[in-house]
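Accompanying notes for the structure given below.
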Amino acid sequence: MGSTEQIISLTGVDQLAFLGFNDANLTILESRFDAVPIVRGDSVVIHGGQADVELLSRVINEMIYMVRRNGALMQTDVETIIDVVAGGRSSLGTQLKGGELEDVIFFAHKSVIKAKGPRQLEYTQKVRENDIVFAIGPAGTGKTYLAVAMAVNAYRNREVTKIILTRPAVEAGESLGFLPGDLQEKVDPYLRPLYDALDDMIPPEKLKSMGERRSIEVVPLAFMRGRTLNNAFVILDEAQNTTTLQMKMFLTRLGVNSRAIITGDLTQTDLPKNVESGLIQATSILQGIEGIEFIHFEKSDVVRHKLVKEIIRAYEEHGVSGGL
């Protein structure tokens, strides 16, 4: 379905009351809807799919009515309007059997993302109950994809105000300096799997808006140095390629009300042979710390094409590991 646009006039509306303190009311709309509301002068411009734009337009018109009637609009008022106007919007939820609802992680704009199998269910439960979770296992087990889904869901539910996805840019036989383009173009190939997951879960207009507002960042691990991350859901992918100092640097970035998922495969380390993996060390020294949990996936947990398990097994039998 193509993108559409609708413009709603704010002429004669107290914009401070409409937007809320520090645009808090607008932030609620951005977190709850796939359509993107942008205030331009005396208008709100809404971009997105037709159904999403129509739904958000109804909510905004109700907000305008309440501001004109009461002269004020609290965040709780906005939440109530959304619940009333958009209460039945997740029609996908009604298509699921009662028992399946517990497996649902996130209602994406095109599909329902669910935990598949007991290991993924355990994974999601540990993320709900702990601030830091290490997910370790072979490629294809859904470690990164589910992590991104849980981060997007936390943002939509206003549990955090930003999502940060990061990977170490290990050169793996290639020199970044010889790759074409500026720095961002050089590192984008390393970050592509994270962008792919986001593309599945967030409409293009919304993803662009979140990036412009820095509500979502996809950055190389080196860019994390010196930062303190508050109210953030942070994902470190391919963590087997971090050094011990990089892992410590990443873990100590967490600030108030932040959570982290660290994913990696101990069989796919691309570090030089004389450099210890930060993920391997973390699995040894961080055990038993309250608030930090580990979950280990096996080949039997692979959820890609049915032949992937057999391909992994065949290569391992011939002494070839990694590369997935």
- [ ] Can you check what the net charge comes to around T269, using other residues whose Cβ is under 11 Å from the Cβ of T269 (Lys, Arg +1; Asp, Glu -1)?
- [x] -3
- [ ] Mind listing the long-range amide H neighbours of K114? Cut-off is under 5 Å, sequence gap 5 or more, other chains count too, H placed in the peptide plane at 1.01 Å from N.
- [x] I105
Task: Orientation-averaged projected area, Cα convex hull of region 1-91 (nm²) - done: 5.5 nm²
Task: Long-range HN-HN contacts of T243 with modeled amide H, under 5 Å - done: G278
- [ ] Rank-order 246-258, 45-57, 144-156 by packing density, defined as the average count of other C-beta atoms within 10 Å over each peptide's residues, highest first.
- [x] 144-156, 45-57, 246-258
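From the Cα gyration tensor of region 1-41, with a ≥ b ≥ c the square roots of its eigenvalues, which class applies: rounded if a/c is under 1.5, or else prolate if a/b is larger than b/c, or else oblate? Before the final figure, lay out the partial values.
Working: a/c = 3.33, a/b = 1.37, b/c = 2.43.
It comes out oblate by the Cα gyration axes.
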Open item on the list: Based on alpha-carbon atoms only, what is the radius of gyration of region 207-324 relative to the globular estimate 2.2 N^0.38 Å?
Closed with: 1.24
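Each reported figure results from applying straightforward, stated rules to the coordinates on display, with no laboratory input. Nothing here was measured: the structure is a model prediction, and the numbers come from that model. Using ideal geometry, Cβ is built from the backbone for each residue, glycine included, and neighbour counts are taken over all protein chains shown.
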